[in-house]
Amino acid sequence: MQVGKLVERWRGAGMKVGFVPTMGALHQGHLSLVSLALGEADRVIVSIFVNPSQFDRGEDLSSYPSNFDEDLKKLDEAGAHCVFFPSVDEIYPEGFSTSIHVSGLTDTLCGRFRSGHFDGVATVCAILLSIVRPDIALFGRKDAQQLAVIRRMVDDLRLGVEIHAGDIVREPDGLAMSSRNSCLDPEERKQASVINSGLSRAAELVLEGERDAERICSAVREVIDKASLATLQYLELVDPDSMKPLSKLTTPALLAVAVYFGHTRLIDNLILEP
Ligand code: AMP
């Protein structure tokens, strides 16, 4: 049965429908969104779609991890009611010509380095939301800029879906869970915990009274630089809604970071409260 029809049927029976979009290679971070969805909706749909249009030309779409059979097992165990795994042709049929650009919010952080990435994300999310038509859709705070872009787009286009956010789920050593973690070699994986150590250092400094963005960032840089395999791409303190850079911490702010370990790019963030 088509996913839209299934949702219509559920809605007709008075059920609330939750939706978790993913790119597969599922881990506990994704599953935490499924469990959040199960707490807030009667039926939960998860999509698995590795969206080609959100990968830059230089980025290797073909090496993005995938583990479809395992994913289905995990979703079944987690209690998801339906898995939607469209083909590229189903999402982008011949003649497809639309792109959604959310301006402003996409000028900083990942937007500075991944050209076209958020246009790809916004466009595919709009398509998925139009196909599924859920009551609520759930996204992780790990991708904080993505979450802000989706919220803006849903408001601007009056898509009529509630956006809910889930907290970052971490490995025992503090590394934020990510499908890309499986691309790290053992030494890179060991060193990758330095990202969270850096963010924790920032939180400590803020507790001690530090409010200057540059001083906070340089302390975090110092921690991350200790990992010989880490190459920092960006580290910025921004407003959590507008994503605009901040020079002082006067209201809750988002400290966001992207670090390369070899070819693997990892992102993480923390909300700092003055
Ligand atoms: P992805 O498959 O990477 O596109 O992620 C699908 C959804 O899972 C997005 O809303 C992500 O923000 C969320 N997500 C990914 N990793 C985590 C994590 N470690 N904790 C919480 N949410 C996550």
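The values are calculated or read from the model by the stated rules, or taken from the named source; none is laboratory data. A quick note: this is a predicted structure, and the numbers were derived from the prediction, not measured. Glycine gets a Cβ as well: all are built from the backbone with ideal geometry, and neighbour counts include every protein chain shown. Heavy atoms of the whole protein, side chains included, go into the accessibility calculation; ligands, DNA and RNA do not. Shrake-Rupley method; radii C 1.70, N 1.55, O 1.52, S 1.80 Å.
Key figures for this structure:
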quantity: Region 179-272 - percent of accessible surface contributed by carbon and sulfur, probe 1.4 Å; calculated: 53
quantity: FRET efficiency, Asp167 to Asp241 (Cβ-Cβ, R0 22 Å, nearest 0.05); calculated: 0.80
quantity: Environment charge at Ile127 (Cβ cut-off 14 Å; Lys +1, Arg +1, Asp -1, Glu -1); calculated: -2
quantity: Additional length obtainable on full extension of the chain from Asp69 to Lys226, 0.36 nm per residue less Cα span; calculated: 52.7 nm
quantity: Paramagnetic reach from Thr251 in region 127-147 [backbone N under 18 Å; point 7 Å along Cα→Cβ]; calculated: 145
quantity: Burial ranking of peptide ranges 133-143, 82-92, 255-265 (average Cβ count within 10 Å, highest at the top); calculated: 133-143, 255-265, 82-92
quantity: Cα extents of region 52-207 along the three principal axes, largest first (Å); calculated: 47, 39, 34
quantity: Estimated [θ] at 222 nm from DSSP helical runs (n ≥ 4, -39500 (n - 2.57)) normalised by residues in the chain, nearest 500; calculated: -11500 deg cm²/dmol
quantity: Sites Ser87 and Glu59 - FRET efficiency at Förster radius 22 Å, r taken between beta-carbons, to 0.05; calculated: 0.60
quantity: Whole-Å distance, taken between Cα centres, linking region 1-65 and region 69-91; calculated: 7
quantity: Orientation-averaged projected area, Cα convex hull of the chain (nm²); calculated: 14.9
quantity: GNM top mover of Ile195, Ile131, Ile48 - the chain, alpha-carbon springs below 10 Å; calculated: Ile131
quantity: Normalised per residue, the volume of the convex hull around the Cα set of region 179-272 (Å³); calculated: 88
quantity: Accessible area per residue in Å² at 1.4 Å probe, computed on the chain; calculated: 48
